[in-house]
1. Please arrange MET260, MET62, MET271 by accessible surface area, largest first, computed with a 1.4 Å probe and ligands excluded.
2. DSSP loop trypsin sites (Lys or Arg not before Pro) in region 402-438 with at most 12 other Cβ atoms within 10 Å of their Cβ, which ones?
3. Let me know the Rg and Dmax you get for region 188-262 when you use only its Cα atoms, in Å.
4. If ligands, DNA and RNA are left out, what is the accessible area of SER277 with a 1.4 Å probe, given in Å² to the nearest 10?
5. List the lysines whose alpha-carbon lies under 21 Å from that of LYS173, not counting same-chain residues fewer than 8 positions away?
6. Can you sort THR170, THR87, THR382, THR55 by solvent-accessible area, 1.4 Å probe, largest first?
7. Classify region 161-231 as rounded, prolate or oblate, taking a ≥ b ≥ c as the square roots of the eigenvalues of its Cα gyration tensor: rounded when a/c is under 1.5, otherwise prolate if a/b is larger than b/c and oblate if not.
8. Of LYS193/LYS399; LYS378/LYS404; LYS43/LYS293, which ones are farther than 31 Å apart at the Cα?
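The values are calculated or read from the model by the stated rules, or taken from the named source; none is laboratory data. Just so we're clear, the structure is a prediction, and the values are computed from it rather than from any experiment. Here the Cβ positions follow ideal geometry from the backbone for every residue, glycine too, while neighbour counts run over all protein chains shown. In case anyone asks, the SASA skips ligands and DNA or RNA and just uses the protein heavy atoms, side chains included. Shrake-Rupley method; radii C 1.70, N 1.55, O 1.52, S 1.80 Å.
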Amino acid sequence: MMMADSGSNEEVAVIVNTDITSTESENNLINTMVERGTALLRKMEINVAEAEKRTGKNTVNMQETYTVYLIEIRPAETVPEGGTPATPDTLWRRYSEFELLRTYLLVTYPYIIIPPLPEKRAEFVWHKLAADNLDPDFVERRRVGLENFLLRVASHPVLSNDKIFFLFLTEEKGWREAVLETGFQDKVDSRLKSLSAMFRVKNPDKRFTALKHYSDELNTVISQLLRVRVKVADRLYGVYKVHGNYGRVFSEWSAIEKEMGDGLQSAGHHMDTYAASIDDILEEEEHYADQLKEYLFYTDAVRSVCRKHELIQYELEIVAQDLVHKKQQKEELATGTVRIFSLKGMTSKLFGQESQEQRESRLAALEQSIQEGEETLKEKNTECHEFVQTAWEDIERFKEQKDKDLREALISYAIMQISMCKKGIQVWSNAKECFNKM
């Protein structure tokens, strides 16, 4: 969910750094992960425990304010009844390191839908909510989002086995250098290259085209849903706060009444309580909105996989086209027939035919080039086939996860709305009882 943080408000996080295995028999967690192919979460517990605001100087020696997040990891072991859980290991990570990790994963695993980071700055915010990225409520939601990102990666069957991710969790110093040493930055596809592939692929895979279209539509739908929610939240906030006016009027009215005074005062108190409850309600709503935002940002990760497939398909088509052209050249050279206008054809007519020795030399060179082209085409076909196979496995896994997560989020949101309505009914029922006693 984010881009690199080069400004003055950079985020940071903390993670632990010691032996995380529960016994000496598991003394090298990296090896056991690779050998057993198990998700990292079966080995360790990961959580982002808290956030803290700090100030310091950045790389250009200017003062900046940023947030740091404390990440804890501990062995995933059963604690005996009455026992004490293992002390967690901790280390600090700046937000830019989360971004670097995600970029590395995007480049290294182009066939996987990489989990997004939480938003860098608040989007789809109703007017009473602070948009400042250092606001405590926003920082708390960001903390939850960062933890969710780590858990998503750690539970993925492929990403969880990545050594760089493991080092991210366990090595405070030297991690950035280890990432850069992988050379992943040299593999980043340029935007121009991706755009060229998108517009020039002749035989796009219909499945990926449909997936890309679905991703665009899902992005639009979730964006609209979040915008509607913002409008509802704004109006709901006003409706609740207006109930505070009922409370004020009832309280003032109670001061001039004798028999009715107590009932009016109690009713006013219920209205005040109702008006004040909206702040907590809408803050809870933000957590459900963040779950929707995660899938809003997931749509870009899906499109990234589709773009990579387009690029591989485009490269395959270019190799195939080049091979056809070389075979045509060989046929023309062997038969002496030129099918299309060419500079070499004109040269032959003007200056005479080349010698037999020259033709045989060119034929041998073309034959060698054709053999190399066929090998390259075979490699590209294999690469494309393997990409489609592995990508589609992850896409199916993602679809299952998406359906489950969004279904649960929407059900929870509906339950919260029902609960909120019930509280409103209860407030007015209480007010009615107060009026009955007057």
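1. Working: MET260 55, MET62 115, MET271 0 Å².
Per-residue accessible area, sorted high to low, gives MET62, MET260, MET271.
2. Numbers: sites: LYS402, LYS404, ARG407, LYS422, LYS423, LYS432, LYS437; in loops: LYS437.
Loop-located and lightly packed - LYS437.
3. 28.4, 86
4. Estimated to the nearest 10 Å², SER277 gives 40 Å².
5. LYS57, LYS163
6. On the way: THR170 10, THR87 115, THR382 65, THR55 90 Å².
Highest to lowest solvent-accessible surface, that is THR87, THR55, THR382, THR170.
7. Working: a/c = 2.84, a/b = 1.40, b/c = 2.03.
Oblate shape, in that a/c is at least 1.5 and b/c is the bigger or equal ratio.
8. Details: LYS193/LYS399 28 Å; LYS378/LYS404 39 Å; LYS43/LYS293 29 Å.
In this structure, LYS378/LYS404 exceed 31 Å between Cα atoms.
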